[in-house]
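Everything on this sheet refers to the single structure shown next.
The values are calculated or read from the model by the stated rules, or taken from the named source; none is laboratory data. It should be emphasised that the depicted structure is a prediction, and the values quoted were computed from it without experimental measurement. Glycine also receives a Cβ, built like all others from the backbone with ideal geometry; neighbour counts cover every protein chain displayed.
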There are 2 protein chains.
Amino acid sequence: MNSADSNLLSLNTATVRKQWSLPEIIDGCVRHGIRGIAPWRDQVAAAGLKDCALRIRDGGLTVTGYCRGGMFPAVDREGRRAAHDDNRRAVDEALTLGAPCLILVVGGLPQDRDGVIRSKDLLGAREMVRDGIGDLLDYARGAGMPLAIEPLHPMYAADRACVNTMAHANALCDELGTGLGIAVDVYHVWWDPDLEREIERAASASPSRLLTITSATGWCRPSTC
Amino acid sequence: MNSADSNLLSLNTATVRKQWSLPEIIDGCVRHGIRGIAPWRDQVAAAGLKDCALRIRDGGLTVTGYCRGGMFPAVDREGRRAAHDDNRRAVDEALTLGAPCLILVVGGLPQDRDGVIRSKDLLGAREMVRDGIGDLLDYARGAGMPLAIEPLHPMYAADRACVNTMAHANALCDELGTGLGIAVDVYHVWWDPDLEREIERAASASPSRLLTITSATGWCRPSTC
């Protein structure tokens, strides 16, 4: 890999979570000339937030996004409040790490505390997502931390994210206003016949809504990744 | 199950293909008061077309759709010609069975004769689908057999159907004209935020494009059904 290539690379730390701790991943990036990193919250928590921030800075790495906030729908108000509080902490952590945005995987149908889906009201879940992002934006704007909606493949609509198209993410950006953008992962959106048009729509907004563009992994079939 | 319920039921014969041959499925439908049946081509071929048509008629069953034509994309002209010829035969079989439409699973990325995907040109595959349906329509209109595009879940975009939304199917109907409609399977389209609008669009066309509406099975997660 030459230097021009490696300068464009950013490693999503979930991809090597089985092999390495976050400090080991940071060392690996430095060693292999990978200049960008997108760390995950659980890995940061396991290694310590401040220590991770120092290691990333000392390694000369750029944080390209913090994974992840979201999971807004819940079966009751208490659950939605817990998600909101947790998402505020994620915004704070993203600031400490110097991330350019907090990536949101918005959540699917409302689940109870054991992760069991307790409702099939998809429209209701989408309303909870809109309201949840709206509430979090009030906090994130004050903190100066952009939020990036990541549309996930419709395969995950029930359990992980009920925003599954760029068009839906763009509509939320239209409705909710500044401080909100989109994280495009080719793995999730490649199938969409409106993809090119909706990427142009996101790019032509002022400022651009395209906060990150990534490809987490290749598509395998059948896919349960 | 009361009679009002069973009159509304139609059995897609793929759902019990492991348990029964098609003659056994037909007998089972008659025995249990299921009045509709949507047979699959391979099961019909195994049991004999004319015999199946007679058994269905003698049992007083209604064919609600014939599964399936399609699979238009191929790596070369010879492959596309073979698909066209096979689809003409499917139209003829649908007529013999008294089906109200031939359901089209349109195919994904071009595969070679061993089923290996040989191209990642999704736009090209969608053009082959449009052209393939257009050619088949010339024959199907003459035979008086409506064609019904079945949008499949985007999970299948690479290997089984690169038409994955009602909007895409409606656009093809707009472009290709009479004799073409849509087969809606809730299993495949439930996640679509534009579903209600696009069903209304299909229903308000004249004649209605909604040729069948089914729910093949429940959504399981993760799903590779």
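Being more than 14 Å from chain A (Cβ to nearest Cβ) and surrounded by fewer than 24 Cβ atoms within 10 Å (Cβ to Cβ) is the requirement here; does B:Asp194 meet it?
Working: more than 14 Å from chain A (Cβ to nearest Cβ): no; surrounded by fewer than 24 Cβ atoms within 10 Å (Cβ to Cβ): yes.
No; evaluated as a whole, the condition is false for this residue.
Output the number of the condition that A:Ala46 fails; it satisfies all remaining conditions of (1) in the same structural domain as A:Met128 (by TED's automatic domain parsing); (2) more than 30 Å from A:Asp131 (Cα to Cα).
Status for A:Ala46: all satisfied but (1).
Regarding the stretch B:113-127, can at least one residue be identified that is in contact (Cβ under 8 Å) with a residue 12 or more places away in the chain, closer than 16 Å to B:Arg68 by Cβ and either more than 12 Å from every other protein chain (Cβ to nearest Cβ) or surrounded by fewer than 24 Cβ atoms within 10 Å (Cβ to Cβ) (or both)?
no
So that you can scan it fast, the table gives a plain yes or no per residue for (1) exposed (fewer than 14 other Cβ atoms within 10 Å of the Cβ); (2) in contact with a Gly (Cβ under 9 Å, 6 or more places away or on another chain); (3) at pLDDT below 95; (4) not in a helix (DSSP H, G or I):
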| residue | (1), (2), (3), (4) |
| --- | --- |
| B:Ser6 | no, yes, yes, no |
| B:Leu11 | no, yes, yes, yes |
| B:Ala14 | no, no, yes, no |
| B:Trp20 | no, yes, no, yes |
| B:Ile26 | no, yes, no, no |
| B:Val30 | no, yes, no, no |
| B:Ile37 | no, yes, no, yes |
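Given (1) in a helix (DSSP H, G or I); (2) closer than 30 Å to B:Arg118 by Cβ, identify the lone condition not met by B:Pro73.
Against the list (1) in a helix (DSSP H, G or I); (2) closer than 30 Å to B:Arg118 by Cβ, B:Pro73 comes up short only on (1).
Taking the stretch A:127-138, which residues are of a type outside the set (Asp, Glu) and more than 17 Å from the chain's Cα centre (by Cα)?
Let us first name the residues in the stretch A:127-138 that are of a type outside the set (Asp, Glu), namely A:128-130, A:132-134, A:136-137.
Passing the criteria: only A:Met128.
Among the listed residues A:Leu147, A:Leu122, A:Leu137, which satisfies the condition of being at pLDDT 95 or above, of a type in the set (A, V, I, L, M, F, W, C) and more than 23 Å from A:Ala202 (Cβ to Cβ)? Let's see the steps before the verdict.
Values: A:Leu147 fails: more than 23 Å from A:Ala202 (Cβ to Cβ); A:Leu137 fails: more than 23 Å from A:Ala202 (Cβ to Cβ).
Of the residues listed, the single one that is at pLDDT 95 or above, of a type in the set (A, V, I, L, M, F, W, C) and more than 23 Å from A:Ala202 (Cβ to Cβ) is A:Leu122.
If I ask for residues that are of a type in the set (S, T, N, Q) and more than 14 Å from the chain's Cα centre (by Cα), which ones from the stretch A:153-194 would you list? Working first, answer last.
Narrowing the stretch A:153-194 to residues of a type in the set (S, T, N, Q): A:164-165, A:170, A:178.
Within the stretch A:153-194, A:Thr165, A:Asn170, A:Thr178 meet the criteria.
Any residue at all in the stretch A:58-67 that's outside any loop (DSSP other than H, G, I, E, B) and under 23 Å from A:Ala157 (Cα atoms)? Step through it out loud before you land on a result.
Taking the stretch A:58-67 as the starting set, the residues that turn out to be outside any loop (DSSP other than H, G, I, E, B) are A:58, A:62-63, A:66-67.
If we keep only those that are under 23 Å from A:Ala157 (Cα atoms) as well, we get A:66-67.
Yes, the stretch A:58-67 has at least one match.
Yes or no, residue by residue, for (1) touching a helix residue (DSSP H, G or I) at 6+ places or on another chain (Cβ under 6 Å); (2) among the charged types (D, E, K, R); (3) within 30 Å of B:Leu61 (Cα to Cα):
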| site | (1), (2), (3) |
| --- | --- |
| B:Leu97 | yes, no, yes |
| B:Pro146 | no, no, yes |
| B:Leu152 | yes, no, yes |
| B:Ala161 | no, no, yes |
| B:Tyr187 | no, no, yes |
| B:Trp191 | yes, no, no |
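How many of the residues in the stretch A:131-166 are more than 8 Å from chain B (Cβ to nearest Cβ) and either of a type in the set (Gly, Ala, Ser) or free of Cβ contacts under 8 Å to residues at least 40 places away in the same chain (or both)? It would help to see each step written out before you state the result.
First, pick out the residues of the stretch A:131-166 that are more than 8 Å from chain B (Cβ to nearest Cβ): A:131-152, A:156, A:160-161, A:163, A:166.
If we keep only those that are either of a type in the set (Gly, Ala, Ser) or free of Cβ contacts under 8 Å to residues at least 40 places away in the same chain (or both) as well, we get A:132, A:134, A:138, A:140-144, A:148, A:151, A:161, A:166.
Total satisfying the criteria: 12.
Is it true that B:Ile25 is hydrophobic (A, V, I, L, M, F, W, C), touching a strand residue (DSSP E or B) at 6+ places or on another chain (Cβ under 9 Å) and free of Cβ contacts under 8 Å to residues at least 24 places away in the same chain?
Working: hydrophobic (A, V, I, L, M, F, W, C): yes; touching a strand residue (DSSP E or B) at 6+ places or on another chain (Cβ under 9 Å): yes; free of Cβ contacts under 8 Å to residues at least 24 places away in the same chain: yes.
When the stated conditions are applied, B:Ile25 passes them.
Of (1) within 19 Å of the chain's Cα centre (by Cα); (2) in a loop (DSSP other than H, G, I, E, B), A:Leu95 satisfies all except one. Which?
The single condition A:Leu95 does not satisfy is (2).
Just need a number here: residues in the stretch A:66-86 that are crowded, with 24+ Cβ neighbours inside 10 Å and under 16 Å from A:Arg160 (Cβ atoms).
Here is the first cut: in the stretch A:66-86, the residues crowded, with 24+ Cβ neighbours inside 10 Å are A:66-67, A:69-70, A:72-73.
Okay, now just the ones that are also under 16 Å from A:Arg160 (Cβ atoms), so A:67, A:69-70, A:72-73.
Looking only at that region, the number is 5.
Give the number of residues within the stretch B:129-145 that are surrounded by fewer than 22 Cβ atoms within 10 Å (Cβ to Cβ) and not basic (Lys, Arg). Quick ask: steps written out before the conclusion?
Here is the first cut: in the stretch B:129-145, the residues surrounded by fewer than 22 Cβ atoms within 10 Å (Cβ to Cβ) are B:130-131, B:134-135, B:137-139, B:141-144.
Restricting the remaining residues to those that are not basic (Lys, Arg) gives B:131, B:134-135, B:137-139, B:142-144.
Going through the stretch B:129-145 one residue at a time, the tally reaches 9.
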